[in-house]
Structure formats: C-alpha cells, structure tokens
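Just below is one structure, and these are the notes that go with it.
The values are calculated or read from the model by the stated rules, or taken from the named source; none is laboratory data. Everything numeric here is computed off the predicted structure, so don't read it as measured data. Here the Cβ positions follow ideal geometry from the backbone for every residue, glycine too, while neighbour counts run over all protein chains shown.
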Amino acid sequence: MNPRTSLLSVLLLVACHSPTWAGDAVITAPADPSRWKLGMGYAPVFGLEAGFGGLGRFNSPFTPQPVGGGTDYDYDDGFVHIDSSGNLGGTTWNWGYQNDSQYNPANGGSVRYGITNSLANGYAEERDNAEVGVELFACYDMGGVNFAGLENRGARWGLRGGFHYARVGIANHDSVLTGLGTTNDVFPLGGVIPPLAPYSGSFGGPGPLIGDSPVRSVTNAGTAPVTGFRELDAHLSTVEFGAYLDLPVHPMVHMRLEAGLSAMVASGKYNFTSTTTVAGLGTGNSSGRDSRTEMLAGIYLGIGAHIPIDESWSLLISGRYQMRDDFELGSNGTNASLSFDSAFQLSTAIVYSF
C-alpha cells in the first residue's frame, strides 16, 4: 500500500468514526489558545526517483556520403573509392569488402556495406526510499472556523510558513541496452563474381569492377549493452507558505490539513561514465559532468495529527506531498532528472506554543 494513501485513510477513518462526535458530544478548543507556534522536526523525503537517459553512445568513424557516382565511400566493412580511370562507365576497381556474407548473387550480384551507430536511447532508473531531511516552521492561529458543520466542533485555522532541507544522493550502476541503426548501401556487380573476402582493390587496378552508385536503406540493427555508472547529488532547500486547518477528533488528537505554495532551490551535480559494446565493431566510451542551480515552484498538500503534550508543547506528525517540475541536468548527450511525482515528506516535529 502507498504510505501516503495509508496515512490519509487512517486519519480520515479516525475523524469519521471518533466517538467524541457521537450524539451531542462536542470537542471545543481552549478558551484562549496560544496564537504562535514554532516547530522543528525530522522530515525525510520518500519516493524520489532519478532517471538517466541518452545512454549508450557509439559512433562509427565513418559518415554516410550523399548517394551518387564519383564519390569515395568508406564503411565499417569495406570501401568503394574512385579509381585511376575516374570511374569510367560508372564502375570502379578500387573497392574492397571484409565478409563473404556481404555478397548477394541475385540479379547480377551485389555487395552490401554498412555504417552502424547507436541510437543512444539507453535509459536507467533509480528510486531512493528515503533521504534525510529537516524542517523548521512557524504557525499563527487565525481563530475559529465559521464554516457550516465546523463552527461548533472546535475547528481552528491558521497560516503556516516553513523551511525544509534535504540532501539527495542517487547512484545507478545498471547495465542497460541501447538501440542500433545501420545505414546500408548496396553496389551492383553487373554479373561480376567477386573475389573471396576479405578483398581489397587498388587505385591503379586493374581488377573486378563494381558500380559506383549505391542503393541506400536504413535498418534496425538490434541492441547493444551499455555499462557504467551515473550519479546525481543535489541539495534541496524549500520555502513553504500556506494555510492549515486543525480539526479535533479526540481530546488528545487534532487532525491537521495543510495546503499552500512552495519554492525549491535545487543545486545539484551529475556525472557519468559509459561503455557501449557493439559486436564485431568495438566499443564506444563516453563520460561527462554537469552542475546546475535552479528554482522550482510548486504547491503542497498535507495531512497530519497534532498531539498536545502540555500547555506549551505538542507533537505534530504529518505527511506532505509537493507537486513541482523535475530537476534536470545533462552532459555529452545524456541527461539526468530528479522527479518529485511520487515523493513526499513524512515529518515528526516538536512544537512550542507561546
């Protein structure tokens, strides 16, 4: 069960079924409650999620050239270059290939060449169960609530301002996959049977001829494994301002509902190293780092239980969910994002009234 759902469900059940609301029993607030309250507490953050994208960079040393005759073409598995005749008749003997599987005898024969690159679409995700956090806050009691159904139950409302700090450190070492794409160029042989691979012609020739203008296609070439590590370290400082409603549900327990605005200053660092291995072609290594400070506006909703200890001291246990945009960093084609979609604070605070 989601901890936030569980906390909300329990408190609502207590509120709805408390015997203090049965019949004509009414709980009233103290005649002269303290207006100001200062609180300090331990407030870890649960459910933070870091996503790392753009992983798996592998680039062939060769670049596909525009299709047409009279051009030098280089591939992962061979070449087709201009010969000493200037490719007389649209053919050249200055070509070579590495594998017999590249030869197709159909329709007069042809040789296929390829340039393979990664799509760099590997993705890793890491969820952190809890990050240590602390909070300081002040509340001012604005008085009783006059809404219908609440005015006689001792409900009170007030304003709340707070500060929360947490440090986040999330690392990921998963092996992931990136997609591969291959640019395929097919050159016609015109009935010529090629020498067995590996074969390499020369500029001066002579030698078996191949057409110098290819037919091109792009195909999915499967996947390649990506290994390495990714780290995201961030300091999160949040200022909150909003309102609260205290609703007595027991002589010793008040249910508290909160809502308001928040502004977070997120200051973080991201670094990664990555190795992509493509079978038969080798490995590609990449690394990078980034740092950034950004302000993220949001809103928060909270629910909790306010438990008096004596006239001056009380305990406040609450859960608070904050809605805001992701904190994002990036380097060398990769990106890291810290998501707050499933995150919430679970606070245990001591409160002093005066």
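Some observations on this one:
- Selection from the stretch 334-351 of residues that are modelled with pLDDT under 95 and either outside the structural domain of Ala171 (by TED's automatic domain parsing) or surrounded by fewer than 18 Cβ atoms within 10 Å (Cβ to Cβ) (or both): Asp341, Ser342
- Meets criteria (buried (at least 17 other Cβ atoms within 10 Å of the Cβ) and part of a strand (DSSP E or B)) for Val134: no
- For Met142, the criteria (1) outside any loop (DSSP other than H, G, I, E, B); (2) of a type outside the set (Phe, Trp, Tyr); (3) crowded, with 16+ Cβ neighbours inside 10 Å hold in every case but one, which is (3).
- Cβ separations smaller than 7 Å between residues 6+ apart or across chains give the following pairs from the stretch 242-263 residues that are in the same structural domain as Ala138 (by TED's automatic domain parsing) and surrounded by 17 or more Cβ atoms within 10 Å (Cβ to Cβ) to residues that are among the acidic types (Asp, Glu) and modelled with pLDDT of 90 or more: Gly242/Glu258; Tyr244/Glu258; His254/Asp246; Arg256/Asp246; Gly260/Glu240; Ser262/Glu240.
- The residue that is surrounded by the most Cβ atoms within 10 Å (Cβ to Cβ), counting only those in the stretch 175-198 that are assigned to a loop (DSSP other than H, G, I, E, B) and aliphatic (A, V, I, L, M), is Leu189.
- Listed by first and then second residue, the pairs with beta-carbon distance under 8 Å, at least 6 apart or on different chains, first residue in the stretch 101-114 and more than 22 Å from Pro64 (Cα to Cα), second assigned to a strand (DSSP E or B), are Gly108/Pro188; Gly109/Tyr103; Gly109/Pro188.
- The sole residue among His164, His235 that is buried (at least 16 other Cβ atoms within 10 Å of the Cβ) and either outside any strand (DSSP E or B) or within 30 Å of the chain's Cα centre (by Cα) (or both) is His164.
- Meets criteria (touching a strand residue (DSSP E or B) at 6+ places or on another chain (Cβ under 7 Å) and either buried (at least 19 other Cβ atoms within 10 Å of the Cβ) or basic (Lys, Arg) (or both)) for Leu301: no
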